[in-house]
Amino acid sequence: MSTKQKLYIFDTTLRDGEQSPGASMTRDEKVRIARALERMKVDIIEAGFPIASPGDFEAVRAVASAVRDSTVCGLARALDRDIDRAAEALKSAQRGRIHTFSATSPIHMAKKLKMQPEQVLEQAVHAVKRARQYTDDVEFSAEDAVRSEIDFLCRVFEAAIKAGARTVNVPDTVGYSIPSMWYERVHTLIERVPNADQAIWSTHCHNDLGMAVANSLAAVQAGARQVECTINGLGERAGNASLEEIVMAVRTRRDVFDVETGIDTTQIVPTSRLVSNITGYVVQPNKAIVGANAFAHESGIHQDGVLKHRETYEIMRAEDVGWHANRMVLGKHSGRNAFRARLSELGIEFKREEDLNEAFMRFKELADKKHDIYDEDLQALVTEASLAAAHERVKLVFLKVHSETGETPRAEITLSVDGEERDGQAEGSGPVDATFRAIESIMNSGCNLQLFSVNAITTGTDAQGEVTVRLDKGGRIANGQGADTDILVASAKAYINALNKVSVTAGRTHPQVADHI
């Protein structure tokens with residue numbers, strides 16, 4: 001039996017991860033990701049910020065109803081209305097947690113809260129006590145702990161634990177710390193707070209200086225037994241500590257860390273792909289653990305070494321994190337039952353038979369274009385279908401693009417806008433530019449293109465191209481995605497998908513518009 005202590009993994013992909021520009025998720029998409037996290041055996045899933053908007057409230061409630069094995073958490077500022085709203089959203093949870101927070105740094109207290117330290121202390125205690133009226137599982141965070149005065153932090157955490165917080169979180173909200181400093185801060189807090197042994201100590205690090213994972217691991221060495229992190233390191237600004245890197249660091253360096261997680265690491269890559277597919281945030285090839293090149297070897301010396309003995313150049317097994325797992329490859333001869341079974345294994349369920357039939361029809365259309373259909377293709381197919389069903393005011397009907405050497409590219413397009421077909425055409429500096437200009441000749445959206453990214457979903461010359469487009473309209477940002485074996489069609493789909501989402505998000509309050517940790 002292992003003598004190592006348990007390290008709790010607190011995933012905030014659905015809350016902090018969603019604060020990445022353009023990464024907002026629908027309720028159903030949050031449920032899909034939550035189920036994947038549950039299969040991975042994540043301990044706590046922070047599902048959202050219920051007070052932020054009716055949509056976020058409904059998403060947290062849906063996740064709370066869908067997840068049975070993991071604790072579902074809702075975020076709340078240290079305000080009665082926030083805490084009450086979070087409690088309402090978590091009513092159906094098998095295990096629910098209310099996570100409340102207050103800023104404790106001088107700059108935040110003076111400039112943002114416009115409160116004195118004693119008022120902040122009193123507010124924190126009141127918030128924890130109110131949350132305890134709903135659940136025994138209450139977490140308190142001291143926002144911007146990295147720039148807070150240590151004496152005041154000790155007082156706040158002592159009071160929060162005394163009021164009933166069973167987890168206390170030390171966040172590096174602005175990604176300002178370095179590992180040695182963060183170790184010292186967490187270690188000092190645990191040593192100096194008199195009732196420190198009555199709570200689990202947690203850390204939540206941002207990646208502004210590229211040290212979120214290093215700082216989180218330093219906190220673990222200092223005594224933290226919960227790490228707050230996200231899939232693919234998703235999150236606002238430069239992101240959060242990456243779950244996959246935290247988990248595999250602890251697992252691989254057992255000689256250094258006296259802790260272990262309960263994570264099923266074989267689910268890491270499938271979950272990473274799902275999050276990337278839904279949010280439109282492509283994983284860079286050289287990303288640790290989940291990047292396409294993470295276990296690839298091109299150097300002849302490396303290849304020779306790995307062939308002779310894998311551990312010469314690999315400190316982890318690719319199979320342990322979900323690469324090269326045995327899986328059923330579907331094709332055009334595959335039947336409905338095989339299709340349904342594979343989607344079910346991926347955590348995708350259909351409430352209505354009509355939805356399954358429509359997805360199966362899309363699958364057959366794709367199978368006629370490419371020989372083998374992989375999991376990534378299925379996820380892209382279902383994601384595209386769900387986005388269309390939720391937001392499809394504008395639809396692509398027809399696209400013709402002419403491009404040849406020495407000639408100006410030209411695109412002709414037909415869109416269905418609110419059920420009415422409209423035609424447009426335009427020239428551009430390239431075929432994609434001409435396509436987007438043709439769309440705008442019809443829509444005249446006033447949006448600015450901020451990002452255009454192309455990624456092959458699978459390997460092979462017949463692979464689907466997945467295009468991500470980011471549009472900005474008056475400060476409102478929306479990501480659009482499109483997938484097709486024809487990259488120009490995929491580009492048009494992505495642009496149209498983003499246009500559809502711009503109108504939907506125009507009146508939405510972004511999670512934590514006023515505060516964040």
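Throughout, read-outs are computed from the coordinates displayed, never taken from laboratory work. All values derive from a computational prediction rather than experimental measurement. For neighbour counting, all protein chains shown are included, and Cβ atoms are generated from backbone atoms with ideal geometry for every residue, glycine included.
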DSSP loop chymotrypsin sites (Phe, Trp or Tyr not before Pro) with at most 16 other Cβ within 10 Å: longest gap in the chain: 1-312
Given charges of +1 on the Cβ of Lys and Arg and -1 on the Cβ of Asp and Glu, with all other atoms neutral, how large is the dipole of the chain about its Cα centre, in debye to the nearest 20? 980 debye
Residues with beta-carbon under 11 Å from that of ALA145, excluding ALA145: net charge, scoring Lys, Arg +1 and Asp, Glu -1? -2
Loop-only trypsin sites (Lys or Arg not before Pro) in segment 4-64, please: DSSP not H, G, I, E or B, and at most 15 other Cβ atoms within 10 Å. LYS4, LYS41
Quick one: net charge of ARG130's neighbours, Cβ under 9 Å, K/R +1, D/E -1? 0
What number do you get for segment 129-213 when its Cα radius of gyration is normalised by 2.2 N^0.38 Å, N = residues? 1.08
Compute the distance from the alpha-carbon center of segment 213-278 to that of segment 56-100, in whole Å. 23 Å
If you take the Cα Rg of segment 1-52 and divide it by 2.2 N^0.38 Å, with N the number of residues, what do you get? 1.35
Angle check, please: helix 487-505 long axis (alpha carbons) against the longest principal axis of the chain (alpha carbons), in degrees 0 to 90, nearest 10. 50 degrees
Helix 353-369: angle to the longest alpha-carbon principal axis of the chain, degrees 0 to 90, nearest 10? 60 degrees
Counting other Cβ atoms within 10 Å of each Cβ, which trypsin sites (Lys or Arg not before Pro) in segment 223-274 have at most 12 and sit in a DSSP loop? ARG253, ARG254
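Please state, as a whole number in µm²/s, the translational diffusion coefficient that the Stokes-Einstein equation yields for segment 195-261 at 10 °C and 1.306 mPa s, with Rh defined as the Kirkwood radius across alpha carbon pairs. Working shown, then result.
Working: Rh = 12.1 Å.
Stokes-Einstein gives a translational diffusion coefficient of 131 µm²/s.
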Shape descriptor, the chain: equivalent ellipsoid semi-axes (Cα gyration tensor, sqrt 5λ, whole Å, largest first) stand at 41, 28, 22
Eigenvalues of the Cα gyration tensor times 5, then square-rooted: what semi-axes does that give for segment 336-387, in whole angstrom, largest first? 16, 12, 11
Quick one: net charge of VAL67's neighbours, Cβ under 13 Å, K/R +1, D/E -1? +4
C-alpha long axis of helix 54-66 to longest principal axis of the chain, angle in °: 80 degrees
Got a sec to turn the phi values of segment 161-176 into Karplus ³J(HN,Hα) couplings, 6.51 cos²θ - 1.76 cosθ + 1.60 with θ = phi - 60°, whole Hz, x for Gly and Pro? 5, 4, 6, x, 5, 9, 9, 10, 10, 10, x, 9, 4, 10, x, 9
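What number, rounded to the nearest 500 deg cm²/dmol, is the helix-based mean residue ellipticity at 222 nm of the chain, given -39500 (n - 2.57) per DSSP H run of at least four residues and division by all its residues?
When only DSSP H runs of four or more count, the value is -12000 deg cm²/dmol.
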